[in-house]
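Since the structure comes first, as C-alpha cells, the remarks are kept for the end.
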Amino acid sequence: MYVAVKGGEQAIENAHLLLASERRGDPAIPELSLAQISEQLTLAVDRVMTEGSIYDRELAALAIRQARGDLIEAIFLLRAFRATLPRFGASEPVDTGAMAIRRRISATFKDLPGGQILGPTFDYTHRLIEPDAADAAPQVPAVVDAVEEPMPRVTDLLAADNLIERSPARDFDAPVGDLTREPLSFPAERDVRLQNLARGDEGFLLALGYSTQRGFGRTHPFAGEIRLGEVEVEFVAEDAGFAVPLGRITVTECQMINQFAGSATEPPRFTRGYGLTFGHCERKAMAMALVDRSLRARELGEDVKAPAQDEEFVLSHSDNVQATGFVEHLKLPHYVDFQAELGLVRKLRSDFERGASPDALAEAAE
Amino acid sequence: MNAPAYNFAYLDEQTKRMIRRAILKAIAIPGYQVPFASREMPMPYGWGTGGVQVTASILGPNDVLKVIDQGSDDTTNAVSIRKFFQRTAGVATTTHTRDATVIQTRHRIPEQALAEGQVLVFQVPIPEPLRFLEPRETETRRMHALADYSLMHLKLYEDIARHGRISTSYAYPVKVQGRYVMDPSPTPKFDNPKMNDCAALQLFGAGREKRIYAIPPYTAVVSLDFEDHPFERYRHDARCELCGADDSYLDEVITDDRGGRMFVCSDTDYCEARRATADKPHAVPQGYPA
C-alpha cells in the first residue's frame with residue numbers, strides 16, 4: 001500500500017540520480033562536447049541565448065546538455081543564472097545599419113543597394129531526409145566575406161521618400177525600460193513590449209503572428225528586410241567618459257512594412273513592425289515583428305479585437321519560463337485544497353439528495 | 001533505416017486521385033472552394049504547397065513545366081520548385097510561356113496570352129476572399145452558400161469613403177460566372193482582366209488552408225466594382241528600361257541610396273523575348289489587350 005507520509009527526501013535524491021543517469025544515456029556512447037553543441041546545434045544555442053537573455057554560446061550549450069535538449073529547461077537555467085548577475089547599465093543602441101552582413105533579403109524589392117544576400121538558409125531546401133548526409137564530407141561552399149560597408153536599410157530608403165513612418169527619434173537621456181528590474185505594468189511602453197517579445201516564447205509569438213495573417217487582427221505585412229550578421233556593442237563607462245567597445249555579437253533583425261495609415265491631416269504612409277534576436281533566430285524575429293505591429297493597434301487608432309492586439313493578453317503570457325512553471329506546478333501536492341473542495345462537493349451532494357430545491361442550491365453557490 | 005523511395009512527381013497515386021477528384025469538382029463549380037486532404041510537402045506551408053500538390057497531380061511524363069514567382073523564372077522559390085519537379089518527375093522544363101503545358105505561378109499571370117491546352121496553377125495563401133472581413137470559416141461558408149457578399153461590397157465602399165478610391169491593389173476580389181466571389185491569389189489587380197474568358201484552365205491550390213478552386217477555360221471573371229467607381233487596372237506609368245514595353249507590369253528596382261530607381265518587366269520571359277526579337281518587330285509576343 002502506498003502511503004506517502006515520509007521518505008520524500010530520499011525519493012527526491014534518488015530521482016535526481018536517475019535523471020543524471022538518464023541524461024547521460026548509454027555510457028558506451030561518448031558524451032556530447034560543448035563544442036559539438038555550439039558548432040552543430042547552432043540554432044538551438046541561438047534560441048536559448050535569445051529567450052534566456054544572455055549572449056554566451058558556451059553557457060547556452062552547457063544548459064542545453066544539462067537540460068537533455070529541452071530548450072525551455074535550458075532557457076530556464078540561463079535565466080536563473082542571469083538573475084544572479086549585477087546590472088552595470090544599458091549599452092549604446094546597436095547600429096544594425098553598420099552590420100557586417102552574412103544574410104540580407106528583402107521581399108519588397110527585387111534588387112536594392114547592397115543586393116540580396118541569401119546566406120545560410122533552409123528556405124529553398126527540399127525537406128527530404130538524407131540519411132547519408134551525416135557521413136559525407138561536406139562540399140566547400142562559395143562564400144564572400146561578410147559585407148562590412150554600411151548597407152542601407154530598406155525602411156531607411158522608404159523613409160527618404162516619406163513613404164513609411166519615421167523611426168522614433170533617439171533620446172539618449174531617456175531611461176531604458178527593463179522588466180527584469182521593474183515589474184510589467186499596463187499600458188506598457190514600446191521598449192518594454194519589445195523586451196518582453198524578445199524574451200518571449202518563439203512558439204507563442206509564432207502562433208500569434210500567424211493568427212494576424214489569418215485575419216485575427218490583420219496588419220498587411222511585407223518582409224521589408226531581414227538581415228543577419230555581426231554588430232558592435234558599445235558601453236559608455238562613466239569613468240572613461242566615452243563609449244568603450246565590448247565586442248561583437250550576432251543578431252537577426254526583421255523590419256516589417258505594414259498597412260498604411262493616414263488621416264485628414266496626414267498623407268498615407270506605411271507603418272512598421274520590428275523584431276530583433278541574438279544569433280540566427282529568423283522565425284522568432286519575424287513573428288516578433290508581426291506581434292510588435294499588432295500591439296501598436298491602440299497607438300495607431302485601430303480597433304483592438306484580436307488576441308495579438310491585446311497587450312495584456314500577449315505580454316502576460318509570452319514568457320515560457322513563467323508559463324511552464326505555472327502549468328507544471330499543477331504536479332505539486334494540492335492535498336489540502338483538494339480536501340476542502342472534496343468536503344464541499346460531498347456536502348452539496350448530500351443537500352441535493354435530501355431534495356433541496358434548485359433555488360436554494362443556487363443561493364448556496366453564490 | 002529504410003531510404004525512402006518516391007513516386008513519379010513525389011505524391012503517391014492514391015493522393016493524386018484524391019486531389020484530381022477535388023480538381024474535377026472545382027472545375028464543375030467555378031470559383032467554389034473545394035476542401036481537400038492536403039498533405040505535408042517537403043517545403044514549408046506558405047511557399048507553394050497547394051500549387052505543388054495540384055501540379056504533382058496533373059503532371060504527366062510528356063508535360064513541359066514552367067515555374068514563375070513574381071513573374072520571373074529565376075527567383076529563388078521558382079528555381080526551387082522547378083528543381084523539385086525535375087528531380088521527382090524528370091519532366092522537361094522551360095522558361096518560355098508558349099512552350100509550357102503546365103505553368104505554376106506565384107503572384108503573376110504571364111503577359112503573353114495563354115492558349116487552349118495550357119494549365120495555369122496558382123499558389124494560394126488565403127483562398128477565402130471574405131477572410132479578412134470575417135475570420136470564422138463557419139460564417140464565410142454560410143455567406144458563400146447564400147451568395148451574401150454585402151460585406152465585401154461594404155468594404156469596397158468604405159475604401160472609397162475613406163481614401164476616395166478602392167484601396168485594394170492586389171488579391172482584388174472577382175466574381176466567377178456570376179456566382180462565387182473568389183480570391184485571385186495575391187496577383188496585382190493588373191492581372192485580373194487576364195483571368196476573364198481565358199483559353200487556358202486556371203487551377204488554384206491552397207495547401208495550408210486545404211482548398212482547391214478553379215476557373216475553367218472561357219469563363220466570365222469580373223472584378224468587383226461600382227458603376228461610378230469602375231475597376232481600374234494599374235501599372236506604373238513608364239516603359240520597361242530593358243525592353244521598352246509599355247504594356248507589361250513593372251518591378252521597381254532601387255539602384256542607390258540617393259533616390260535612384262529603375263522600372264523593368266516583372267515577367268522575365270516576356271522581357272527577354274522582346275529583347276531577343278527587338279529588330280524583328282512582327283515577332284514580338286502578343287500580350288493581352290489592355
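Taking 0.36 nm per residue of separation and subtracting the current Cα-Cα distance, fully stretching the chain between B:Glu40 and B:Ala5 would add 11.0 nm.
Sorted largest first, the principal axis extents computed over the alpha-carbon atoms of region B:143-270 equal 52, 37, 30 Å. A Cβ-based charge dipole, computed about the Cα centre of chain B with Lys and Arg at +1 and Asp and Glu at -1, lands at about 980 debye.
Note that region A:158-272, at 10 °C in a medium of 1.306 mPa s, gets a Stokes-Einstein diffusion coefficient of 91 µm²/s from its Kirkwood radius over C-alpha pairs. Relative contact order of chain B, taken over Cα pairs closer than 8 Å and 6 or more residues apart, is 21 percent.
Projected onto its three principal axes, the C-alpha set of chain B covers 59, 53, 40 Å, listed from the longest axis down. Working from the Cα coordinates of region A:75-216, the gyration tensor eigenvalues give, after taking √(5λ), semi-axes of 32, 25, 19 Å in decreasing order.
Relative to the current alpha-carbon distance between A:Phe122 and A:Leu246, full extension at 0.36 nm per residue lengthens the span by 41.5 nm. Note on A:Glu149 and A:Glu353: their simple-model spin labels are 8.8 nm apart, each label 7 Å out from Cα toward Cβ.
Computed from label points 7 Å out along Cα-Cβ, the spacing between A:His317 and A:Ser263 is 3.1 nm. For chain A, the calculated P(r), taken from all Cα-Cα distances in 20 Å bins from zero up to the bin holding the longest distance, is 22, 49, 23, 7, 0 percent. In terms of distances greater than 21 angstrom between alpha carbons, the cross-link table entries B:Lys25/B:Lys175; A:Lys284/B:Lys155; A:Lys110/B:Lys155; A:Lys305/B:Lys155; B:Lys155/B:Lys175 yield A:Lys284/B:Lys155; A:Lys110/B:Lys155. For region A:18-168, the dipole from Cβ point charges (+1 on Lys and Arg, -1 on Asp and Glu) about the Cα centre works out to 440 debye, to the nearest 20. Summary of packing: across the peptides A:345-351, B:36-42, A:309-315, the per-residue average of other C-beta atoms within 10 Å ranks them, highest first, as A:309-315, B:36-42, A:345-351. For A:Ser185 and B:Arg141, the FRET efficiency from 1/(1 + (r/R0)^6), where r spans their Cβ atoms and R0 equals 30 Å, is about 0.10. Per the Debye formula on identical point scatterers at the alpha carbon atoms of the protein assembly as shown, with no solvent, log10 I(q)/I(0) at q = 0.09, 0.12 Å⁻¹ is -0.93, -1.44. Both the radius of gyration and Dmax for region B:231-275 are 11.2, 35 Å, in that order, over alpha-carbon atoms. Rg of the Cα atoms in region A:46-159, relative to 2.2 N^0.38 Å, amounts to 1.43. Over all pairs of different C-alpha atoms in region A:9-82, the reciprocal of the mean inverse distance, the Kirkwood hydrodynamic radius, equals 12.8 Å.
Farthest towards the positive end of the charge dipole of chain B, among the residues B:Gly164, B:Phe8, B:Gly46, is the Cα of B:Phe8, using unit charges on the Cβ of Lys, Arg, Asp and Glu.
Read-outs throughout are calculated quantities, based only on the coordinates presented, and are distinct from any laboratory measurement. Keep in mind that this is a model prediction, so the values were computed, not measured. So basically every Cβ, Gly included, is an ideal-geometry build from the backbone, and we count neighbours across all protein chains shown.
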